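**Q** Below is one structure. I have some questions about it.
The values are calculated or read from the model by the stated rules, or taken from the named source; none is laboratory data. Please read these numbers as outputs of a predicted model, since none were measured by experiment. Cβ coordinates were reconstructed from backbone atoms using ideal geometry, including for glycine residues, and neighbour counts include every protein chain displayed.
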Amino acid sequence: MTTDTVSAAAAGTWLLGDLEINRLGFGAMRLTGSAAFHQGTPRDRGTAIEVLRRAVALGVNHIDTADFYFSRLRSANELINTALAPYPDDLVIATKVGPARDASGAWTTPARPDQLRGQVEANLRQLGRDHLDLVNLRLMGQDSLGEHFGALAELRDAGLIRHLGLSNARPEHLAESSAIAPVVCVQNRYGIDAPGGTPMLRACADRDIAFVPFFAIAGDGREAGAVRAERDGVLAVARAHGVSPARVRLAWILHQGAHVLAIPGTGNPDHLVDNVAAGALRLTDDDLTLLDGAGRTAG
């Protein structure tokens, strides 16, 4: 099997509520700028649209986005709409609400519970949909989320949202929200460089819901991307398999449990193909031991 023919289906599938998706998905944040969604030179529009269409052709049926993913000239939601509408029947688009930015791109006070409907409606307009498949409440440091999650549960009951999830959450947030409405996933930072997310990974496994790491490739670089020197353990495994370090990092994520999804983002068509191919990379026990050791030395 060559890299060009690897489908996202090679990673296996998971149910987000009642929606079956391939575990290897796509994150749209990096489509809007070369450094991050709020900085840098905007990606070439045609290339961004090509990447989205190629992702779907490669079997990606889970795309992560948000209405606050925009730069001076690019909006991730608008690019998704332009590239993919009318949407394939099996395509699941997940978005996030909570954070807020003004027209200049500056971060403002996070949305109050009564402002979440406006954020949901903004995503609906930009994506050209009459409902959202999945909305994640992105937490911004608050201890309790009851009012915010309750507001989203009301929108779910009204038919504007199909499923609900959390982002940047702690296990106690998951317990609190689950008492209000069903939670189908949690998005948290997790990766070889960030093993601190393990408690939430296990909490999601206990509840049989998806755990969706972000910055799995970027690691310490976070929004700026993979800007640090690669760890020796990752390089050793990549050499042993004849693949890129990014592919190794994604394969490690997928090996953490059947409930773990990957949503790598890129604006580069070649990187997209490489990322999707991670779903077919089978790591050995020795590989995993080496990579786990790289995580323990992260800091």
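**Q** Residues ALA111, ALA94: which one is of a type in the set (Gly, Ala, Ser) and either out of contact with any strand residue (DSSP E or B) (no Cβ under 9 Å at 6 or more places or on another chain) or under 21 Å from LEU31 (Cβ atoms) (or both)?
**A** After ruling out the rest, the residue left standing is ALA94.
**Q** What are the residues in segment 66-120 that are acidic (Asp, Glu), in contact (Cβ under 8 Å) with a residue 24 or more places away in the chain and under 18 Å from LEU134 (Cβ atoms), if any?
**A** If the condition is that a residue be acidic (Asp, Glu), in contact (Cβ under 8 Å) with a residue 24 or more places away in the chain and under 18 Å from LEU134 (Cβ atoms), then ASP67, ASP90 are the ones that fit.
**Q** Here are some residues: THR108, THR82, THR41. Which one is modelled with pLDDT under 95, farther than 30 Å from LEU145 by Cα and surrounded by fewer than 16 Cβ atoms within 10 Å (Cβ to Cβ)?
**A** The match here is THR41.
**Q** Is at least one residue of segment 177-198 without any contact (Cβ under 8 Å) to a residue 24 or more places away in the chain, of a type outside the set (A, V, I, L, M, F, W, C) and in contact with a helix residue (DSSP H, G or I) (Cβ under 9 Å, 6 or more places away or on another chain)?
**A** Within segment 177-198 (the criterion being without any contact (Cβ under 8 Å) to a residue 24 or more places away in the chain, of a type outside the set (A, V, I, L, M, F, W, C) and in contact with a helix residue (DSSP H, G or I) (Cβ under 9 Å, 6 or more places away or on another chain)), the answer is no, since none of the residues qualifies.
**Q** When you go through ALA240, ALA294, ALA258, ALA280 one by one, which is the residue that is of a type outside the set (Ser, Thr, Tyr) and within 15 Å of ILE192 (Cβ to Cβ)?
**A** ALA294
**Q** Please give the number of the condition GLN126 fails out of (1) in contact (Cβ under 8 Å) with a residue 60 or more places away in the chain; (2) in contact with a strand residue (DSSP E or B) (Cβ under 8 Å, 6 or more places away or on another chain).
**A** (1)
**Q** Scan the helices (runs of 4 or more DSSP H) fully inside segment 179-260 and keep the ones with 3 or more residues being of a type in the set (D, E, K, R), closer than 25 Å to ILE21 by Cα and at pLDDT 95 or above.
**A** 198-207
**Q** Condition (residue is surrounded by fewer than 16 Cβ atoms within 10 Å (Cβ to Cβ), modelled with pLDDT of 95 or more, on the phi < 0 side of the Ramachandran plot and not in a loop (DSSP other than H, G, I, E, B)) applied to segment 126-141: is it met by at least one residue?
**A** Looking for residues that are surrounded by fewer than 16 Cβ atoms within 10 Å (Cβ to Cβ), modelled with pLDDT of 95 or more, on the phi < 0 side of the Ramachandran plot and not in a loop (DSSP other than H, G, I, E, B), one finds none in segment 126-141, hence no.
**Q** Right, something else. If you go through segment 261-299 one residue at a time, how many are outside any helix (DSSP H, G or I), among the β-branched types (Val, Ile, Thr) and over 23 Å from ALA203 (Cα atoms)?
**A** So the answer is 3.
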